[in-house]
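Reading through the structure tokens given below for one structure.
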Amino acid sequence: MYAFLPGFEDIQAEPPHGVDPHLVFFFDSGNLERSGNAVRKIASHATIVNVDHHPSNSRFGDINLIDANASAVGQMVMEMLDHFGYAITPTIAVNLYVALLTDTGGFRHENTTPRALEDAARLAHLGADPGHIATQVYKMRPETTLKLNGLALATMRVEMEGRLAWAKVTRRMLKEANAAMAESEGIIDTLNSIAGLELAILFKEVSGELTKISVRSRGGVDAAALCASFGGGGHIRAAGAEIERSMDEATKMVLAAAKEAILATSPQR
Ligand SMILES: [Mn+2]
């Protein structure tokens with residue numbers, strides 16, 4: 001999906017062999033775990049710079065730059081480039097624009113602030129093409145993704161008089177749709193488009209003992225707090241967690257906690 005980004009081919013999942021970095025930057029990572037396997041290869045003598053906008057950031061760096069008011073970490077990178085006097089080239093502008101576009105849900109989430117739109121306009125002036133980028137980001141889905149969406153949405157349940165909606169993605173569905181789990185990314189936002197909804201939850205069956213959840217809140221529930229009670233985190237409106245339980249067990253636990261959280265807030269309508 002993001003292979004069109006200039007420089008994408010230079011990204012490596014792990015540091016090259018024999019390289020012992022003394023300075024490591026983390027971007028948009030609320031905790032060390034979220035950064036994957038490569039983290040284990042970073043020696044303890046390395047200086048870690050943690051650049052993030054998640055309020056729940058665990059401040060794992062030696063230097064922590066946390067701006068919860070930034071809509072995207074890309075904006076913080078923009079500020080850093082300005083501060084240190086680096087020019088924003090068209091290549092950089094495209095990458096930063098995509099950061100802003102995707103972290104604001106296509107300029108639709110609550111974090112679509114005047115500053116986000118101003119930064120986006122500046123990046124458009126500097127060489128990012130909004131129409132072209134939107135096509136690359138939002139209109140390049142393989143058929144398998146839509147097939148998986150259809151299978152998952154068929155499991156949708158709406159409860160609590162329309163306040164809560166949830167659905168599942170199982171390994172069986174992945175097989176049937178010939179899709180990868182990463183293709184389930186947009187399903188939670190489709191759930192979250194139901195009129196009057198307060199909380200949307202998607203359960204993803206990674207294995208028999210591991211279930212991932214994605215949560216979106218438009219009501220009084222703090223999605224990050226709900227996910228934190230299952231070892232996860234994120235933003236108030238969008239959060240997630242990885243739960244070392246089967247799909248059935250995780251579904252029961254999370255739905256019970258979600259209903260309790262919804263009842264603890266006053267109805268939105
Ligand atoms: Mn982000």
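The values are calculated or read from the model by the stated rules, or taken from the named source; none is laboratory data. These numbers were taken from a predicted model, which means no experiment stands behind them. Ideal geometry is used to build each Cβ from the backbone, glycine not excepted, and the neighbour counts take in all protein chains shown.
What number goes with the only condition from (1) under 23 Å from Ser56 (Cβ atoms); (2) in a helix (DSSP H, G or I); (3) under 17 Å from the mean Cα position of the chain (by Cα) that Ala200 does not pass?
Failed condition: (2).
For the range 108-128, what are the residues that are more than 21 Å from the chain's Cα centre (by Cα) and either assigned to a helix (DSSP H, G or I) or without any contact (Cβ under 8 Å) to a residue 24 or more places away in the chain (or both)? Explain how you work it out, then say what you get.
Initially, the range 108-128 is screened for residues more than 21 Å from the chain's Cα centre (by Cα), giving 114, 118, 121-128.
Of everything in the range 108-128, those that are more than 21 Å from the chain's Cα centre (by Cα) and either assigned to a helix (DSSP H, G or I) or without any contact (Cβ under 8 Å) to a residue 24 or more places away in the chain (or both) turn out to be Pro114, Glu118, Ala121, Arg122, Leu123, Ala124, His125.
List the pairs whose first member sits in the range 1-28 and is among the β-branched types (Val, Ile, Thr), whose second member is surrounded by 10 or more Cβ atoms within 10 Å (Cβ to Cβ), and whose Cβ atoms are under 8 Å apart, counting only residues at least 6 apart or on separate chains?
Filtered contacts from the range 1-28: Val24/Ile42; Val24/Ala46; Val24/Thr47; Val24/Ile48; Val24/Val49.
For Glu249, all conditions in the list (1) on the phi > 0 side of the Ramachandran plot; (2) at pLDDT 95 or above; (3) not aliphatic (A, V, I, L, M) hold save one; what is the number of the exception?
(1)
Return the total of residues in the range 37-54 being within 16 Å of the ligand (Cβ to nearest atom) and either outside the structural domain of Val77 (by TED's automatic domain parsing) or exposed (fewer than 15 other Cβ atoms within 10 Å of the Cβ) (or both).
Filtering the range 37-54 for residues within 16 Å of the ligand (Cβ to nearest atom) gives 50-54.
Remaining after also requiring either outside the structural domain of Val77 (by TED's automatic domain parsing) or exposed (fewer than 15 other Cβ atoms within 10 Å of the Cβ) (or both): none.
Matching residues across the range 37-54 total 0.
If I filter the range 100-115 for residues that are out of contact with any helix residue (DSSP H, G or I) (no Cβ under 8 Å at 6 or more places or on another chain), within 12 Å of the ligand (Cβ to nearest atom) and polar (S, T, N, Q), do I get at least one hit?
No: zero hits.
Under 30 Å from Leu210 (Cβ atoms), at pLDDT 95 or above and not in a loop (DSSP other than H, G, I, E, B): is that true of Ala99 in this structure?
Working: under 30 Å from Leu210 (Cβ atoms): yes; at pLDDT 95 or above: yes; not in a loop (DSSP other than H, G, I, E, B): yes.
So Ala99 passes the test.
Is it the case that some residue within the range 19-26 is within 16 Å of the ligand (Cβ to nearest atom) and either assigned by TED's automatic domain parsing to the domain that holds Asn95 or surrounded by fewer than 16 Cβ atoms within 10 Å (Cβ to Cβ) (or both)?
Of the residues in the range 19-26, the ones within 16 Å of the ligand (Cβ to nearest atom) are 25-26.
Subset that is either assigned by TED's automatic domain parsing to the domain that holds Asn95 or surrounded by fewer than 16 Cβ atoms within 10 Å (Cβ to Cβ) (or both): 25-26.
Yes, there is a match, as at least one residue in the range 19-26 is within 16 Å of the ligand (Cβ to nearest atom) and either assigned by TED's automatic domain parsing to the domain that holds Asn95 or surrounded by fewer than 16 Cβ atoms within 10 Å (Cβ to Cβ) (or both).
Closer than 27 Å to Ala224 by Cβ, touching a helix residue (DSSP H, G or I) at 6+ places or on another chain (Cβ under 8 Å) and surrounded by 19 or more Cβ atoms within 10 Å (Cβ to Cβ) - does that describe any residue in the range 120-132? Steps first, answer last, please.
Residues of the range 120-132 that are closer than 27 Å to Ala224 by Cβ, as a first pass: 120.
Filter once more, keeping what is touching a helix residue (DSSP H, G or I) at 6+ places or on another chain (Cβ under 8 Å): 120.
Checking which are surrounded by 19 or more Cβ atoms within 10 Å (Cβ to Cβ) leaves us with 120.
Yes; the residues of the range 120-132 include at least one that is closer than 27 Å to Ala224 by Cβ, touching a helix residue (DSSP H, G or I) at 6+ places or on another chain (Cβ under 8 Å) and surrounded by 19 or more Cβ atoms within 10 Å (Cβ to Cβ).
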